[in-house]
1. Quick one: which of K170/K198; K101/K166; K331/K356; K379/K402 span more than 19 angstrom between C-alpha atoms?
2. Taking the alpha-carbon centroid of each part, what is the distance from region 121-200 to region 299-339 in angstrom?
3. Per residue of region 381-393, in order, report the coupling 6.51 cos²θ - 1.76 cosθ + 1.60 (Karplus, θ = phi - 60°) as ³J(HN,Hα) in whole Hz, putting x for Gly and Pro.
4. Can you put F347, F250, F293 in order, fewest other beta carbons within 10 Å first?
5. Could you give the dipole magnitude of region 209-310 about its Cα centre, charging the beta-carbon of Lys and Arg +1 and that of Asp and Glu -1, in debye to the nearest 20?
6. Tell me, what HN-Hα J-couplings in whole Hz come from the Karplus equation 6.51 cos²θ - 1.76 cosθ + 1.60 at θ = phi - 60° for each residue of region 164-172, using x for Gly and Pro?
7. Just want the ordering: V150, V341, from fewest to most Cβ atoms lying within 10 Å of their own Cβ.
8. For region 234-240, just list the computed ³J(HN,Hα) in residue order, Karplus coefficients 6.51, -1.76 and 1.60, θ = phi - 60°, integers in Hz, with x standing in for Gly and Pro.
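What follows draws every value from the coordinates through simple rules; no lab data is involved. Source: prediction; values computed, not measured. Reconstructed Cβ throughout: ideal geometry from the backbone, glycine too, with neighbour counts over all protein chains shown.
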Amino acid sequence: MDNNDFFKTVDSKSPQKRAKVGFFRGILVPFISGILGTVLIIGLCINIPVVKEKIADYLGVSTSTSSKKEDSGNKQTTSVTNTNLISLEEYSDTGIYAANKVLPSIVGITVEYTVNTPYFGYSMQSAGTATGSGVIISKDGYILTNNHVVNTSSTSSFYQVSQANKVTVKLYNDETTYDAKIIGTDETTDLAVIKIEKDNLPAAELGDSDSIQVGEFSMAIGNPLGMESTVTAGIISAANREITSDGKQFTVIQTDAAINSGNSGGALVNSKGEVIGINTLKISGSGIEGIGFAIPINSTTKIYEQLISDGKVKRPYIGISGRDIDEQTAKQYNLVEGVYVVSVEQFSAAEKSGVKAYDVITEVDGKQIKNMDELNEIKNSHQIGDTINLKVYRDKEYIDIKLTLGEQP
């Protein structure tokens with residue numbers, strides 16, 4: 001049978017069969033398809049799980065970003081990976097804005113000093129230089145920096161470094177070198193203020209370091225290794241980190257923004273371009289990376305105001321040198337825990353109140369103390385001229401002493 005015969009066979013069906021076929025194709029199929037389509041659409045709109053799952057199975061896709069299956073109390077979660085690209089444009093814009101806002105307020109500092117080196121009974125002198133950074137805090141030329149940037153005096157068995165012979169400053173995008181005067185230094189907080197004779201300087205906007213949060217954007221700006229106006233960025237790693245440096249305790253901001261030699265005295269900045277800290281030091285060594293510290297800007301305000309007005313920070317003073325006595329040492333020497341008074345300075349508040357060498361201070365204002373840090377913390381919470389109450393252990397007896405705090409020389 002050829003092809004013509006095939007078509008003829010179809011055409012040769014009776015009128016009744018052709019009518020049935022026509023009805024099925026022309027009316028019933030479109031009607032059923034319309035009903036099914038309507039059900040599917042309604043199911044999707046009113047979130048019928050069964051319908052959605054059937055459609056998803058048919059199309060080979062998931063109906064949600066994650067699906068959960070429970071089997072005998074065990075839950076298994078399958079997540080669909082988001083392959084959408086995340087734009088860094090806003091992060092980049094934040095960095096650009098913060099840098100452009102604060103860079104004009106950051107200065108480079110160069111300090112010249114003399115190094116005295118003993119040589120077969122003679123002293124050989126040579127010139128030395130050090131570099132650091134600073135933050136302009138007033139338009140009339142006051143600059144906040146670190147004490148260790150401008151107060152470089154130090155002594156070792158091999159050499160002695162004099163105090164600064166000369167301090168100079170370079171401004172942002174300005175090749176002029178300006179002579180600077182040291183207004184005041186404070187070793188306790190590692191802060192200092194210097195001044196140049198120039199007006200209409202762009203003072204930095206200071207932020208609120210008490211409101212910072214771990215994980216937020218941070219930027220360090222300064223002159224590391226003499227490379228002027230260097231910007232590095234990271235996050236706040238810790239807001240109130242307690243550290244000890246050169247025997248002194250500091251409460252600092254920790255950041256992973258790169259801080260290197262020469263960054264000291266520069267600014268730690270938030271996303272608004274506000275200064276939230278003064279970069280002061282970093283921990284370096286094998287296996288250590290991204291641990292830098294800054295002095296919170298809120299704690300610097302009263303310090304630099306006093307340095308500008310008085311040239312120093314006025315602090316309450318007791319006038320003793322002491323040693324911590326722990327439980328083991330106390331038992332060994334038949335003493336009690338507290339602060340052992342090694343010596344008392346002449347004409348000091350301690351001498352005037354009757355504190356003597358070999359006393360052990362055990363309480364201050366009713367609070368038990370076990371070390372010098374606790375004693376100093378209570379002392380520093382008072383003002384010069386305030387009276388504090390000491391409990392002292394002397395000759396196996398406890399004595400109460402009233403002490404009026406003096407001013408630290």
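1. Details: K170/K198 12 Å; K101/K166 30 Å; K331/K356 21 Å; K379/K402 13 Å.
The pairs that break the limit, which is 19 Å between Cα atoms, are K101/K166; K331/K356.
2. Here the answer is 27 Å between Cα centres.
3. 7, 9, 9, 4, x, 6, 9, 10, 9, 10, 10, 10, 9
4. Working: F347 9, F250 19, F293 24.
Going from least to most buried by this count: F347, F250, F293.
5. Details: 5 positive and 10 negative charges, 15 e Å.
It works out to roughly 80 debye.
6. Once θ is set to phi - 60°, the couplings for region 164-172 become 4, 7, 7, 10, 10, 10, 10, 8, 5 Hz.
7. Working: V150 25, V341 21.
Least to most surrounded, the residues fall as V341, V150.
8. With coefficients 6.51, -1.76 and 1.60, one gets x, 9, 7, 8, 7, 8, 9 Hz.
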